[in-house]
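Read the structure below first, then the notes.
The values are calculated or read from the model by the stated rules, or taken from the named source; none is laboratory data. The shown structure was predicted, so the numbers you read here are calculated from the model rather than taken from an experiment. Here the Cβ positions follow ideal geometry from the backbone for every residue, glycine too, while neighbour counts run over all protein chains shown.
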Amino acid sequence: MLNFDETELSAFQARYGQTIPDNNYPTNEFIENILTRKTIRRFDTNRAVDPELYRKLIAAAQSSPTSSMIQPWSIIVVKSLEQKLKILKPENYPFLGAVPNKVGELDPLNITAIKECDAVFIWCLDHSIIDRVVSNPELYKEKLDIAHLRDEILSNVNNFDIEIRSMTDAIIAAQTFCLAAESIGLGTMYCGSIRSLDLSEDLQIPTRVIPLFGICVGYPKEKILNPWGDIKQNAGPVYTKPRLPQEIVVHYEFYKTLDFEKVKEYNLLMKHFYKKNSQQTDWFDRVIRRSSKFYQRFKERCQKNKFFD
């Protein structure tokens, strides 16, 4: 089976990096744009995004489903270079400008993206509004039928189910925001390292609010031919980063036994992909290294902000 650099692939095939049977089901421009989407790490610093466009995109994000209509997330929009540099201050990244050597740290390409993008949208899990509502005695006076539930409600505000639902809501809304932005020509880049930073003082974040991730937003810089953000006039083609085959991640009717040989085949494909883009790694290596301490600093931030009790 030919892979991504041996023959021309359709958008559907390119998403998996191989000449698998093509999918010719009738589609539309929105879906085709999703199939070919790429993370943008370099932005046009001379082209600003209209604030009214942001308001429209945020409305699209708020149109996402939300469990029990609680709406437990908020956004901090950072536009000024002064505030961006607070995100990148040496206390957070003592290696600033160097290649990171610890799992979860911000790499130089993310640093460039934060500096160049029009705005960084910091998506937060936000239970401060919920807390204010459920702990307000005046509201219970108005709703006598639930007054007897007050103690139970207060004890459940911090339960695991609500935390999971809140995180799910925030992620769904953020991805809706990104797809809407990309559909009209903006570029986006998720920055998961935001969750491991202590931004409480610099961004005046109260307790019960915790940054989950950042999204860099702006118009893409032209002539970016390398997926990792390098500007190369004579670079080779830009390949779509292959995802795991559907045979591995989709189960019909019941969960089937994992065919690990197919996972190994995918790893070889990704090793070839990374090599083509001047990276000496493979998928197994990235999974193992990034999983080892993935959530440790996020957990520390949560504890400091009293998000999880």
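Among the residues of the stretch 82-109, the one identified as in contact with a helix residue (DSSP H, G or I) (Cβ under 7 Å, 6 or more places away or on another chain) and either modelled with pLDDT of 90 or more or basic (Lys, Arg) (or both) is Lys84.
The residue of the stretch 190-203 that is nearest to Asp44 (Cα to Cα), among those that are touching a Leu at 6+ places or on another chain (Cβ under 9 Å) and of a type in the set (A, V, I, L, M, F, W, C), is Cys191. Filtering the stretch 182-241 to residues that are within 13 Å of the chain's Cα centre (by Cα), of a type in the set (A, V, I, L, M) and modelled with pLDDT of 95 or more leaves Met189, Ile215, Val217.
Within the stretch 290-309, if we keep just the residues that are part of a helix (DSSP H, G or I) and either modelled with pLDDT of 80 or more or not basic (Lys, Arg) (or both), the residue that is nearest to Ser196 (Cα to Cα) turns out to be Phe298. Exactly one residue among Ala60, Ala48 is modelled with pLDDT of 95 or more and in a loop (DSSP other than H, G, I, E, B), and that residue is Ala48. Just so you know, in the stretch 262-289 the residues that are surrounded by fewer than 12 Cβ atoms within 10 Å (Cβ to Cβ) and assigned to a loop (DSSP other than H, G, I, E, B) include one that is modelled with the lowest pLDDT, and it is Ser278. Scanning the stretch 110-152 for residues that are modelled with pLDDT under 90, buried (at least 17 other Cβ atoms within 10 Å of the Cβ) and not in a helix (DSSP H, G or I) turns up just one, His127.
If I ask for residues that are surrounded by 15 or more Cβ atoms within 10 Å (Cβ to Cβ) and more than 30 Å from Ala119 (Cβ to Cβ), which ones from the stretch 15-45 would you list? Of everything in the stretch 15-45, those that are surrounded by 15 or more Cβ atoms within 10 Å (Cβ to Cβ) and more than 30 Å from Ala119 (Cβ to Cβ) turn out to be Tyr16, Gly17, Gln18, Thr19, Ile20.
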